[in-house]
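Asker: I'd like to ask some things about the structure below.
The values are calculated or read from the model by the stated rules, or taken from the named source; none is laboratory data. Fair warning: this is a prediction, and the values are worked out from it, not measured in the lab. Neighbour counts run over all protein chains shown; Cβ positions are idealised from the backbone, glycine included.
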Amino acid sequence: MGLDIRWPIGLLFSLVGVLLVGYGAVTGSDAELYRRSLDININLIWGAVLLVFGAFMLVLAWRASRQPAEQPVVDKK
Amino acid sequence: MQDVQLGFIDYAILAIYVIFVIGIGFALKRYMKSSSDFLTSGRSIPAWVTGLAFISANLGALELVGMTASGAKYGIATSHFYWVGAIPAMIFLAVFMMPFYYGSKARSVPEYLKLRFDERTRCLNSVSFAVMTLFASGISMNALAKLLNQLLGWNYDISLWICSAVVLVYVLKGGLTSAIYTEVLQFFMIVLGFAPVVYLGLRDVGGWNTLTHKLAQVAQQPASLGLTGDTGKVFNADAWSSAWKPLLAGPASNPMGVDWFAMLFGLGFVLSFGYWCTNFLVVQRAMAARNMSAARRTPLIAAVPKMIFPVLVILPGMIAAALAITAKDGYRLPPKTLDSAIYAKAIPALKEAATKDLSGAAAAQLVSDAAGVKMLPDKIDALLKAAPTLNEKELKHGLQNAVAENNYDGVILSLVQRYCPSGLLGLALTGLLASFMSGMAGNVTAFNTVWTYDLYQAYIARNRSDAHYMWMGRCITVVGILLSIVCAYLVSHWSNAMDIIQLVFGFVNAPLFATFLLGMFWARTTGTGAFLGLLGGTLTSALFHSLTSAAGNALGIKGGYLWSLMGVKLTDVPHRLIFPSDMAQNFWLASFAFTVCFVLTLVISLATRRTKTDEELKGLVYSLTPKLKDGEQAWYLRPAVLGVVLLACCVVLNLIFW
């Protein structure tokens, strides 16, 4: 299919990652909020993980798009 | 269930996800040129994508919720559904069965049956499958709307219709490809949304060793958590933390109440192979792969995450049981939710108890009888003392807290609520929402293919143009979603509906694998044999169910209704027909149905004449099909090699948690 699924995955998780990192950075001093997550700023940490994952997917999609179109793989009979 | 307050950030994550899935639908729209693009993805998708979609179509929210519930109820033995059930079946599908599904050019599982046998088997299978997918999608959407209603206070009807509309838009635009792509998206959403919850839970409990130590306490006093009804019941210390030892010690020594034979044959062979190898919902994903080797690798790629999933879905249940046994920070397994009808009965009963000056057990008994759920005496006692000063809302809250029976399906949400601050909460809830919606999308895409190719094209309108079938595919997608909504309302208004549907699923699914096994590997199997065998197997499951029951259940819809119709009392039913648990009953039912279907098909096939020649069966039956040459692929890509490696990993996992 024409659309490489890695683009939407990469974009979605980068975007959500940025949101969570931003939110985690802004609310970092709010001890009350993070008591739930055992005093860990889980938004900041997990947001960063999502961002790395999203960026990784984007890199893969970008590399694939720069290569000449893959030869269609056909069953050899 | 406690209300959850979503912050701006949580809504933002939810909104981004919805925009993305709809966006994917629109982006794929221009590639939908023929009915096969729409209904079978034109067989063009890479293996890693179909592999993740394969696993994701099964990892619906119901699986997530249900397996966590079982993790709390039965501990690590729940992993048998993965390491005994799913993995071997997925490997079998990849190595042995996929060549026939993909190679025969059938567009669906029922169509394979038609090519191999005749129209009768296809018709039986496609009609029962179509009905099942509609109900499965209805059940999924009902659960979603109920969740949004209870958790966030959204209106049930609006939630149901809006979520269905989102699914409709992206399936209508992008067809099966759209469903597969969003399933992959949902896969990552679920994994990345729930991993931190599990991590925080494990950290909170104090690590794996403390967890097993606490689970030993659970095994010593399961009744204190309401895990068994029998207050004197004590299990061995490893009942929740070992997978095999309690099982081998017999049904009385494990919380599942299952013997090893029923587990291995009933679950591991009949039910699992029946589901993974014949259910078009999952097989369709592999059939959308771009070539034969991608199709065969699909279940193998899927097996890798499937093997690790117990960490994500069973471990949280075990964590919940461990937290509850020491009531860490006041944690308890979520109680059954009371609705306004129950409050209307329970509150007067509470007032009556107050006027009669009852206390403790007597008062709890009175309220329990009125409400129809067991209550905790000490909580009722405290509530009675405080009652005069409480307003209605606080009274309801107190009653809810006093409920003794557990709502195991709420376990995963109770952990999300406990550990997720705003932000992570949005991610986890979006993951859950995504999996409910993709559950609907998956079922609807399987339904529209079976309807269009196996019912409409086969029996109603043959030899029309492809554009006509494409048009039909789109129409039936809309109809399928509307019918799913009808099913959702049916299930929500009539609580028995759910039990009956799941029962019928079991009847239909249990014998199916015998038909495929004989059909694919024995050229002598005839159409008449297959059809009558399948029918006989299904009737056997219905008969078996009507004659047997499980300990603790009344005769009736959960089994044994034939006895109650004949006026026989539970105590007079032959003892060996009462199984130690529902699960044992279910596994034995499957074993019987499979055996009957197998023997019937065998015998009738021998007695009837073959209607298909060897030439017609080429590509459909193992012995008549030229062997695939895997030699041209790199050795590490060959399905048989991958299968053996995965099987070995699976054995190792079983040994580690023996």
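One line per residue, one yes/no per condition, for (1) of a type outside the set (D, E); (2) without any contact (Cβ under 8 Å) to a residue 60 or more places away in the chain:
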residue: B:L215; (1), (2): yes, no
residue: B:P222; (1), (2): yes, yes
residue: B:L225; (1), (2): yes, no
residue: B:D238; (1), (2): no, yes
residue: B:L247; (1), (2): yes, no
residue: B:G250; (1), (2): yes, yes
residue: B:L264; (1), (2): yes, no
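Asker: Give the number of residues within region B:476-526 that are over 24 Å from B:K146 (Cβ atoms), among the hydroxyl-bearing types (S, T, Y) and in the same structural domain as B:R116 (by TED's automatic domain parsing).
Answerer: Qualifying residue count, region B:476-526: 1.
Asker: Let me ask something else about it. Working carefully through the options B:V603, B:V596, B:V621, find the one that is under 30 Å from B:L264 (Cβ atoms) and surrounded by fewer than 15 Cβ atoms within 10 Å (Cβ to Cβ). Full working, then the answer.
Answerer: Working: B:V596 fails: surrounded by fewer than 15 Cβ atoms within 10 Å (Cβ to Cβ); B:V621 fails: surrounded by fewer than 15 Cβ atoms within 10 Å (Cβ to Cβ).
Unique residue meeting the criteria: B:V603.
Asker: I'm trying to understand the selection: among the residues of region A:23-33, which are surrounded by 18 or more Cβ atoms within 10 Å (Cβ to Cβ) and more than 7 Å from chain B (Cβ to nearest Cβ)?
Answerer: A:T27
Asker: Those residues that are more than 13 Å from the chain's Cα centre (by Cα) and more than 18 Å from B:Q284 (Cα to Cα), I need them from region B:129-143; list them, please. Don't jump to the end; show me each part of the working.
Answerer: First, pick out the residues of region B:129-143 that are more than 13 Å from the chain's Cα centre (by Cα): B:129-131, B:134, B:138, B:141-142.
Listed by number, the residues that qualify are B:G138, B:M141, B:N142.
Asker: Within region B:344-369, restricting attention to residues that are among the β-branched types (V, I, T) and touching a residue at least 24 places away in the same chain (Cβ under 8 Å), which residue is farthest from B:G398 (Cα to Cα)?
Answerer: Taking region B:344-369 first, the residues among the β-branched types (V, I, T) are B:347, B:355, B:367.
This time we only want the ones that are touching a residue at least 24 places away in the same chain (Cβ under 8 Å), so: B:347, B:367.
Details: B:I347: 11, B:V367: 12 Å.
Result: B:V367.
Asker: Separate question: It is to be established whether one or more residues within region B:383-392 are surrounded by fewer than 19 Cβ atoms within 10 Å (Cβ to Cβ), under 28 Å from the mean Cα position of the chain (by Cα) and not assigned by TED's automatic domain parsing to the domain that holds B:S224. Outline the logic, then answer.
Answerer: So the first thing to find is which residues in region B:383-392 are surrounded by fewer than 19 Cβ atoms within 10 Å (Cβ to Cβ), and the list is B:385-392.
Add one more test, that the residue is under 28 Å from the mean Cα position of the chain (by Cα), and what stays is none.
No: zero hits.
Asker: Filter region B:200-244 for residues that are among the hydroxyl-bearing types (S, T, Y) and surrounded by fewer than 17 Cβ atoms within 10 Å (Cβ to Cβ) and give the result. Let's see the steps before the verdict.
Answerer: Start the filter on region B:200-244 by keeping residues that are among the hydroxyl-bearing types (S, T, Y), which leaves B:210, B:212, B:224, B:228, B:231, B:241-242.
Correct list: B:T210, B:S224, B:T231.
Asker: Next up: Report, by residue number, each residue of region A:34-54 that is touching a Pro at 6+ places or on another chain (Cβ under 7 Å) and either surrounded by fewer than 16 Cβ atoms within 10 Å (Cβ to Cβ) or not in a helix (DSSP H, G or I) (or both). First the steps, then the outcome.
Answerer: Initial filter on region A:34-54 (touching a Pro at 6+ places or on another chain (Cβ under 7 Å)): A:34, A:36-37, A:42-43, A:46.
Those that are touching a Pro at 6+ places or on another chain (Cβ under 7 Å) and either surrounded by fewer than 16 Cβ atoms within 10 Å (Cβ to Cβ) or not in a helix (DSSP H, G or I) (or both): A:R36, A:S37.
Asker: Here are some residues: B:I380, B:I347. Which one is outside any loop (DSSP other than H, G, I, E, B), surrounded by fewer than 19 Cβ atoms within 10 Å (Cβ to Cβ) and of a type in the set (V, I, T)?
Answerer: B:I347
Asker: On to the next question. Which residues, taken from region B:350-364, are basic (K, R) and not in a helix (DSSP H, G or I)? Please lay out each step first, then the result.
Answerer: Within region B:350-364, the first condition is being basic (K, R), and the residues that meet it are B:351, B:356.
The answer is B:K356, and nothing else.
Asker: In region B:621-658, what residues are in contact with a Lys or Arg (Cβ under 6 Å, 6 or more places away or on another chain) and in a helix (DSSP H, G or I)?
Answerer: Once the filter is applied, which keeps residues that are in contact with a Lys or Arg (Cβ under 6 Å, 6 or more places away or on another chain) and in a helix (DSSP H, G or I), region B:621-658 yields B:L624, B:P639.
Asker: When you look at B:Q400, is it surrounded by fewer than 24 Cβ atoms within 10 Å (Cβ to Cβ) and either in contact with a strand residue (DSSP E or B) (Cβ under 8 Å, 6 or more places away or on another chain) or within 14 Å of chain A (Cβ to nearest Cβ) (or both), yes or no? Give the derivation first.
Answerer: Details: surrounded by fewer than 24 Cβ atoms within 10 Å (Cβ to Cβ): yes; either in contact with a strand residue (DSSP E or B) (Cβ under 8 Å, 6 or more places away or on another chain) or within 14 Å of chain A (Cβ to nearest Cβ) (or both): yes.
When the stated conditions are applied, B:Q400 passes them.
Asker: Return yes when A:L11 is touching a helix residue (DSSP H, G or I) at 6+ places or on another chain (Cβ under 6 Å) and either surrounded by 15 or more Cβ atoms within 10 Å (Cβ to Cβ) or at the interface with chain B (Cβ under 8 Å from one of its Cβ atoms) (or both) and no when it is not.
Answerer: Values: touching a helix residue (DSSP H, G or I) at 6+ places or on another chain (Cβ under 6 Å): no; either surrounded by 15 or more Cβ atoms within 10 Å (Cβ to Cβ) or at the interface with chain B (Cβ under 8 Å from one of its Cβ atoms) (or both): yes.
Criteria not met by A:L11.
Asker: Determine, yes or no, whether B:S178 is assigned to a helix (DSSP H, G or I) and buried (at least 24 other Cβ atoms within 10 Å of the Cβ).
Answerer: Numbers: assigned to a helix (DSSP H, G or I): yes; buried (at least 24 other Cβ atoms within 10 Å of the Cβ): yes.
In short, yes.
Asker: With B:V304, B:V367 as the choices, which residue is assigned to a helix (DSSP H, G or I), buried (at least 19 other Cβ atoms within 10 Å of the Cβ) and among the β-branched types (V, I, T)?
Answerer: Working: B:V304 fails: buried (at least 19 other Cβ atoms within 10 Å of the Cβ).
Residue meeting the stated conditions: B:V367.
Asker: Considering only region B:1-103, give the helices (runs of 4 or more DSSP H) lying wholly within it that have at least 2 residues that are within 14 Å of chain A (Cβ to nearest Cβ), farther than 30 Å from B:L267 by Cα and touching a residue at least 12 places away in the same chain (Cβ under 8 Å). I'd like the intermediate steps shown before the answer.
Answerer: Working: elements: B:8-29, B:35-40, B:47-58, B:61-74, B:87-92, B:98-103.
The qualifying helices (runs of 4 or more DSSP H) are B:8-29, B:35-40.
Asker: Report yes if some residue within region B:163-172 is crowded, with 20+ Cβ neighbours inside 10 Å, farther than 29 Å from B:L315 by Cβ, within 12 Å of another protein chain (Cβ to nearest Cβ) and at pLDDT 85 or above; otherwise report no.
Answerer: Yes; the residues of region B:163-172 include at least one that is crowded, with 20+ Cβ neighbours inside 10 Å, farther than 29 Å from B:L315 by Cβ, within 12 Å of another protein chain (Cβ to nearest Cβ) and at pLDDT 85 or above.
Asker: Give me the pairs: first residue in region B:170-182 and more than 16 Å from B:V282 (Cβ to Cβ), second residue assigned to a helix (DSSP H, G or I) and charged (D, E, K, R), beta-carbon distance under 7 Å, and six or more apart or on different chains, which are they?
Answerer: Going by the 7 Å Cβ cut-off, the qualifying pairs are B:L172/B:R474; B:K173/B:K29; B:G174/B:K29; B:G175/B:D37.
Asker: Examine region B:637-650 for a residue that is without any contact (Cβ under 8 Å) to a residue 60 or more places away in the chain, over 24 Å from B:A86 (Cα atoms) and loosely packed, with under 14 Cβ neighbours inside 10 Å, and state whether such a residue exists. First the steps, then the outcome.
Answerer: Kept after step one, since they are without any contact (Cβ under 8 Å) to a residue 60 or more places away in the chain, are these residues of region B:637-650: B:638, B:641, B:644-645, B:648.
When the remaining residues are screened for being over 24 Å from B:A86 (Cα atoms), the result is none.
No, the conditions are met nowhere in region B:637-650.
Asker: Using the structure shown, decide if B:L152 is in contact (Cβ under 8 Å) with a residue 12 or more places away in the chain and either crowded, with 19+ Cβ neighbours inside 10 Å or among the aromatic types (F, W, Y) (or both).
Answerer: Numbers: in contact (Cβ under 8 Å) with a residue 12 or more places away in the chain: yes; either crowded, with 19+ Cβ neighbours inside 10 Å or among the aromatic types (F, W, Y) (or both): no.
In short, no.
Asker: Which condition number does A:L20 fail, the rest of (1) under 14 Å from the mean Cα position of the chain (by Cα); (2) closer than 30 Å to B:R290 by Cβ; (3) within 11 Å of chain B (Cβ to nearest Cβ) being met?
Answerer: Result: A:L20 passes all but (2).
Asker: Residues that are farther than 26 Å from B:L151 by Cα, surrounded by fewer than 22 Cβ atoms within 10 Å (Cβ to Cβ) and among the hydroxyl-bearing types (S, T, Y): does region B:414-422 have at least one?
Answerer: Here is the first cut: in region B:414-422, the ones farther than 26 Å from B:L151 by Cα are none.
For region B:414-422, residues farther than 26 Å from B:L151 by Cα, surrounded by fewer than 22 Cβ atoms within 10 Å (Cβ to Cβ) and among the hydroxyl-bearing types (S, T, Y): absent.
Asker: Which condition breaks for B:N291 when tested against (1) of a type in the set (S, T, N, Q); (2) within 30 Å of B:M375 (Cα to Cα); (3) within 14 Å of chain A (Cβ to nearest Cβ)?
Answerer: Result: B:N291 fails condition (2) only.
Asker: If I ask for residues that are more than 10 Å from every other protein chain (Cβ to nearest Cβ) and either touching an Asp or Glu at 6+ places or on another chain (Cβ under 7 Å) or among the charged types (D, E, K, R) (or both), which ones from region B:184-215 would you list?
Answerer: B:K214
Every residue, every condition in (1) assigned to a helix (DSSP H, G or I); (2) farther than 27 Å from B:P251 by Cα; (3) of a type in the set (G, A, S), yes or no:
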residue: B:M520; (1), (2), (3): yes, yes, no
residue: B:H545; (1), (2), (3): yes, no, no
residue: B:A590; (1), (2), (3): yes, no, yes
residue: B:S605; (1), (2), (3): yes, yes, yes
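Asker: Give the residue, chosen from B:S272, B:S241, that is outside any helix (DSSP H, G or I) and within 21 Å of B:V652 (Cβ to Cβ).
Answerer: On the way: B:S272 fails: outside any helix (DSSP H, G or I).
Being outside any helix (DSSP H, G or I) and within 21 Å of B:V652 (Cβ to Cβ) holds for just one of B:S272, B:S241, which is B:S241.
Asker: Looking at (1) surrounded by 18 or more Cβ atoms within 10 Å (Cβ to Cβ); (2) in contact (Cβ under 8 Å) with a residue 40 or more places away in the chain; (3) away from every other protein chain (no Cβ under 14 Å), which is the only condition B:L490 fails?
Answerer: (1)
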